[in-house]
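Below is one structure, written out as structure tokens, with a few remarks after it.
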Amino acid sequence: MTRHRAHCVVIVIGLKPALNFRRNHEVILFPQDMVFTHDMSDWLSFNIDKAWLEENISWKDFGTGVRLGKLKREEKCSLVLYDADSEVTVDAFMPHMHPGGEAYLVLEGEVWDDDGTYPTGSIVWMNRESEHNPKTRGRTLILVLWPEGVKVV
């Protein structure tokens, strides 16, 4: 069996088959104009070691109640953690676009935007070149995968 190294794979529970993979450095994504979400909070729970996060992640504080922790970057693909205070302004995240799409898992709190509301345990996929301006309710921790980064619009 030959093993191929995947640079940026998003596995989304409940879909057939995995729809985001790299072939010759080209990202194959979901159909255009699709936002996929699934709330897994009925059966999924998290134990987050916040002390470890504070000791091991270099945080960038945006001064808006939101900070970003870079977990891994390989070529254009980034895995980051967003930590939002319970009292953030509505524009704390700023409107932005995802050239290669975005997948995120709400670890704590709640995220909402024009497409819906995503409580703790929700997994969200946003298509290539999708734009949004997410907001949070309560203390929120979000694990985010950007196959090709993010751009402020």
- Message: Condition first: crowded, with 17+ Cβ neighbours inside 10 Å and in contact (Cβ under 8 Å) with a residue 60 or more places away in the chain. Can you find one or more residues in region 85-100 that meet it?
- Response: yes
- Message: residue 13 - would you say it is in a loop (DSSP other than H, G, I, E, B), at pLDDT 80 or above and either under 18 Å from residue 123 (Cα atoms) or in contact with a Ser or Thr (Cβ under 8 Å, 6 or more places away or on another chain) (or both)?
- Response: no
- Pairs, please: C-beta under 8 Å, at least 6 apart or cross-chain, first residue more than 14 Å from residue 110 (Cα to Cα) and touching a residue at least 40 places away in the same chain (Cβ under 8 Å) and in region 129-143, second in a strand (DSSP E or B) and of a type in the set (Val, Ile, Thr)? 130/35
- Query: If you go through region 75-110, how many residues are under 16 Å from the mean Cα position of the chain (by Cα), among the charged types (D, E, K, R) and farther than 16 Å from residue 132 by Cβ?
  - Reply: 3
- Task: Evaluate the following for residue 113: is it free of Cβ contacts under 8 Å to residues at least 40 places away in the same chain and among the charged types (D, E, K, R)?
- Result: yes
- How many of the residues in region 33-71 are within 13 Å of the chain's Cα centre (by Cα) and modelled with pLDDT of 90 or more? 4
- Note on the structure: Among residues of region 65-84 being at negative phi and among the charged types (D, E, K, R), the residue surrounded by the most Cβ atoms within 10 Å (Cβ to Cβ) is 83
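The values are calculated or read from the model by the stated rules, or taken from the named source; none is laboratory data. Being a predicted model, the structure only gives us computed values, none of them experimental. All Cβ positions, even for glycine, are placed from backbone atoms using ideal geometry, and neighbour counts span all protein chains on display.
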